[in-house]
Amino acid sequence: MKKSNFLKISLICATLSLAACGGGSTSPQAIAIEGIAATGAPMASALVSVFDASGSLVVENVVVGPDGKYSLSIPAGKVAPYTFVVDDGVDKLVSILGSSSSTTVNINQITDLVAAKLSPSGNPLSLSAEIANGSASAST
């Protein structure tokens, strides 16, 4: 009798566990990004913009804080790779994110150099358009 009750309780618990699981959601989620924009010193008050794989502007004019930090959210359904451009009115620097994962994306002279190396023209500011037209790629 005890084995029968144990079996029934075990089956009920297993059924409830599977029902509670719900199978998960496959709907696209926004991508949370944070980072630091700096040229050695913070790029305070600079503006960060993000382009997706199609070359479309998906985030525009996010203000960098006095400490160089910024945070933004890439809308759901946008496709990687993403090109980040920070502009302080004097310098423009580029960084690249090859995946659609929430993460840290810093923007500085080193990331700008990497973007220049990925660009067939050698111009990091052209990388977004080059990815869109298929002449460049970036993924992780």
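Descriptive notes on the structure:
- Yes/no for residue 62 being over 23 Å from residue 137 (Cβ atoms), crowded, with 18+ Cβ neighbours inside 10 Å, in contact with a Phe, Trp or Tyr (Cβ under 7 Å, 6 or more places away or on another chain) and aliphatic (A, V, I, L, M): yes
- When residue 96 is tested against the conditions (1) surrounded by 20 or more Cβ atoms within 10 Å (Cβ to Cβ); (2) out of contact with any Leu (no Cβ under 9 Å at 6 or more places or on another chain), the lone failure is (2).
- Contacts under 8 angstrom Cβ, first residue in region 70-88 being at negative phi and among the hydroxyl-bearing types (Ser, Thr, Tyr), partner part of a loop (DSSP other than H, G, I, E, B) and crowded, with 23+ Cβ neighbours inside 10 Å, 6 or more apart: 70/64
- Qualifying residue in region 113-128 (condition: within 17 Å of residue 30 (Cα to Cα) and surrounded by 21 or more Cβ atoms within 10 Å (Cβ to Cβ)): no
- The set of residues in region 14-59 that are in a strand (DSSP E or B), within 25 Å of residue 132 (Cβ to Cβ) and either over 14 Å from the mean Cα position of the chain (by Cα) or at pLDDT below 95 (or both) comprises 37, 47.
- Single residue of region 65-119 satisfying the filter (in a helix (DSSP H, G or I) and of a type in the set (A, V, I, L, M, F, W, C)) that is farthest from residue 137 (Cα to Cα): 110
The values are calculated or read from the model by the stated rules, or taken from the named source; none is laboratory data. Note that the coordinates shown come from a computational prediction; the quantities given were computed from them, not determined experimentally. Because the Cβ atoms are built from the backbone with ideal geometry, glycine has one as well, and the counts that use them run over all protein chains shown.
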